[in-house]
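Notes follow once the structure below has been shown.
The values are calculated or read from the model by the stated rules, or taken from the named source; none is laboratory data. As the structure is a prediction and not an experimental result, all values here were calculated from the model. No Cβ is skipped: glycine too gets one built from the backbone with ideal geometry, and neighbour counts run over all protein chains shown. Just so you know, the surface numbers come from the protein's heavy atoms only, side chains and all, with ligands and any DNA or RNA stripped out. Shrake-Rupley method; radii C 1.70, N 1.55, O 1.52, S 1.80 Å.
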Amino acid sequence: TPGLRRIENVDAVPADWLHLTVLEVGYADEVVRSDVAAMVAAAETIRDLMPLRLDLGPVSTMTDAVVLGVHPSPEVLAVRATLAEGLGTLRRPHDEGFWPHVSIGYLNTDCRREEVMAAFENVVPRTVSVTVPRLTLAAVTRLETHYPWQSVARLPPGQP
């Protein structure tokens, strides 16, 4: 993303770590293997909702991040609700106030929102369309200013 490279106050998220968090279910050290198996089984309930066709953008900001909004949100919210329902009492979501987005950069120092947004004034197109064929159950960690993750399972089960 050319706009991000021009902003000293922002560290771009490496392409391999770009993601849309749909549901947080707990810290990796709190989730036991049997919970993972149950989560994968519960994910069977989203099979009819996949693939997701989404538009990402335009660029916006959060307190400590540069993000792309995710539209249409109703599809993401339906997947999220279906997964949460499938989990039942196994795991309660940790992320109240959910707003679907893809973080593309994290602030490394304080700066004004206007400084960040100015770098994207001439970026075209403002949105990009993507097809999401599957979800990934991921173990996410915080590493300095990024959130690298490792795949634990593909969801729904059996998807390529």
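Per residue, the accessible area of the range 2-160 comes to 60 Å² when a 1.4 Å probe rolls over the protein heavy atoms. Here's the picture: charge each Lys and Arg Cβ at +1 and each Asp and Glu Cβ at -1 in the chain, and of F98, P133, H146 the one pushed furthest to the positive end of that dipole is P133. Put a plus charge on the Cβ of each Lys and Arg, a minus charge on the Cβ of each Asp and Glu, and nothing anywhere else: the dipole of the range 25-149 about its Cα centre is then about 300 debye. For the chain, the longest principal axis of the C-alpha atoms and the axis of helix 73-87 are separated by about 30°. Each of A41, W17, V31 was scored by the projection of its Cα onto the charge dipole of the range 1-78, and the greatest displacement toward the positive side belongs to W17; charges sit on the C-beta of Lys, Arg, Asp and Glu. Here, P(r) means the percent of Cα pairs in each 5 Å bin from 0 to the largest distance; for the chain it is 1, 8, 17, 20, 19, 15, 10, 6, 3, 0. Sorting the segments 110-117, 67-74 by their residues' average number of neighbouring beta-carbon atoms within 10 angstrom, most packed first, yields 67-74, 110-117.
Summarise the accessible area of the chain (1.4 Å probe, protein heavy atoms) by the percent that is carbon and sulfur. Spell out each step's value before the answer.
Details: 5130 of 9660 Å².
Summing carbon and sulfur atoms, their accessible area is 53 percent of the total for the chain.
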